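Reading through the structure tokens given below for one structure.
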4 protein chains.
Amino acid sequence: MPFAGQMGITVRELGDGTATLHLPFRDDFLRPGGTISGPVMMGLADLAMYAAVLSRIGLVEHTLTVTLNITFLRPPQPADVIAEAKLFKAGKRLAMGEVALYRDGDSNMVAHVTSTYSIPPGAVK
Amino acid sequence: MPFAGQMGITVRELGDGTATLHLPFRDDFLRPGGTISGPVMMGLADLAMYAAVLSRIGLVEHTLTVTLNITFLRPPQPADVIAEAKLFKAGKRLAMGEVALYRDGDSNMVAHVTSTYSIPPGAVK
Amino acid sequence: MPFAGQMGITVRELGDGTATLHLPFRDDFLRPGGTISGPVMMGLADLAMYAAVLSRIGLVEHTLTVTLNITFLRPPQPADVIAEAKLFKAGKRLAMGEVALYRDGDSNMVAHVTSTYSIPPGAVK
Amino acid sequence: MPFAGQMGITVRELGDGTATLHLPFRDDFLRPGGTISGPVMMGLADLAMYAAVLSRIGLVEHTLTVTLNITFLRPPQPADVIAEAKLFKAGKRLAMGEVALYRDGDSNMVAHVTSTYSIPPGAVK
């Protein structure tokens, strides 16, 4: 899989500890059966969580995913995908949050993610 | 992200409830910083778990990932990646297992995954 | 640990796929260091998720926890604990949701849980 | 739930990054249906992971659970419970590992846990 930056993802909104990302649909995102593949959603969610962390702590290098837990709720039919990330907490060493994934224009969540990120020492005062 | 089948992944070994997959390195797997991106590892792990499930229940359509929890242990330097999946249990409705990810030829695990798969009704007698 | 029913937990609100539970503080919930022990919070969260599932599907026996993922955000000082559970989805075979844990009267989440429950065949039409 | 130390848990083996704990059965561990309750297993697993972390880093205060993910495989019939914890990694700031839970004398795993612990700054050189 190419780095998520190559997937055409854009940031729709960036708040203080929140981020909404948009992934335009592409045919090669489909898995057999015609629904959007899980790893595409995981990659989008990971990037949304990363954006939410940076929205709080600034552009800190070496901010890394420690854990990512995804629950798949509905196999999403072909459509653009929206990821809404929100931090639970950003401390000096760890940030935790969740990401809700939707088909663009549909309010039924297709997948839910919780994630923990590691923040390098000294980055947050 | 292209469907994992397009990533060049091959199956090295398939047992009864176990599967070992091999992902040949490609430059476009790298994230900024020069290590292999998380979503590449998640995609490989998901496919390895899927192979382990099918090794037990046969080629059942609509066998779907319900949950996938990944813990990143070490940012992997560029190398082929090996995924070793092993089922904890395959029942009539759910299969659970884990996947260990390694750089090829290096015994230090780079990431660990646990996952739950849903098996469609009637597929397992 | 005694069954959660013995912990003095009461249901504050029960909606359609939501439940709010209240755990009165007891000294023996404390871990060394004087904060409320993790397993107490896990037990409360599991029961809150169970209540949210039953609020949707009715009193179905053999509804069982499959996965429970907890993230600890802040070690909670002694206080009553509130658990707010909300389903993401309840299908015929699985229900998924999340639980937010708070000290009573304090809006800072102390822990977050996601969980998957298994629903026995035939229980949901 | 009382602190796990009050549950009668003993340490059977302590290695370098491994720990095996034993929980003697008690009637009040049972949930309705007559199997051992989930929170009892979560509490035992959390303590086993804690022991495995300390076996590697020494008796460091403020070593705290960040995440704990449990997968329930089989509702355990009444019996003593064994928890085998093994670290994946212990770094300067985080330790990650897994715990397998068994009924004493039965090789079928009843539950599996992965967990991340936070290690306070300066505790590991």
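The values are calculated or read from the model by the stated rules, or taken from the named source; none is laboratory data. All of these numbers come straight from a predicted model, not from anything done at the bench. Glycine also receives a Cβ, built like all others from the backbone with ideal geometry; neighbour counts cover every protein chain displayed. Accessible surface areas use protein heavy atoms only, side chains included; no ligands, DNA or RNA. Shrake-Rupley method; radii C 1.70, N 1.55, O 1.52, S 1.80 Å.
Mean residue ellipticity, 222 nm, helices only, chain B: the sum of -39500 (n - 2.57) across DSSP H runs of n ≥ 4, divided by residue count and rounded to 500, is -5500 deg cm²/dmol.
Once C-alpha pairs closer than 8 Å and six or more residues apart are averaged by separation and normalised to the residue number of chain D, the relative contact order reads 27 percent. Label-point spacing for A:Pro32 across the identical copies (point 7 Å from Cα in the Cβ direction), in nm and ascending order: 3.7, 4.4, 5.4. For segment B:3-50, the relative contact order works out to 33 percent when only alpha carbon pairs closer than 8 Å and six or more residues apart are counted. If I fit a long axis through the Cα atoms of helix C:38-57 and take the longest principal axis of the Cα atoms of chain C, what angle between them do I get, 0 to 90°, rounded to 10? Roughly 30 degrees, rounded to the nearest 10.
Each principal axis of the Cα cloud of the protein assembly as shown was taken in turn, and the coordinate range along them, longest first, works out to 55, 54, 43 Å. Averaging the Cα positions of each part gives two centres, and for segment D:51-116 and segment A:92-125 these lie 25 Å apart.
Placing a label point 7 Å from Cα along the Cα-to-Cβ axis, B:Lys125 is separated from the same position in the other copies by 3.2, 6.4, 7.1 nm, shortest listed first. Surface composition of the protein assembly as shown: carbon and sulfur atoms hold 51% of the protein heavy-atom accessible area at a 1.4 Å probe. Averaged per residue, chain C has 39 square angstrom of accessible surface, using a 1.4 angstrom probe with ligands and nucleic acids left out. Shown for D:Glu61: label points 7 Å from Cα along the beta-carbon vector, and their distances to the equivalent points in the other copies, 3.7, 5.0, 6.2 nm in ascending order.
Compute for chains B and C the buried accessible surface, both sides summed, probe 1.4 Å, and express it in Å² to the nearest 100.
Details: alone 6780 and 6780 Å², together 12780 Å².
For chain B against chain C, roughly 800 Å² becomes buried.
For chain D, a simple Cβ point-charge model (Lys and Arg +1, Asp and Glu -1, everything else neutral) yields a dipole of about 440 debye relative to the Cα centre.
Computed across chain B, the Kirkwood radius stands at 14.5 Å (inverse of mean 1/r, all Cα pairs).
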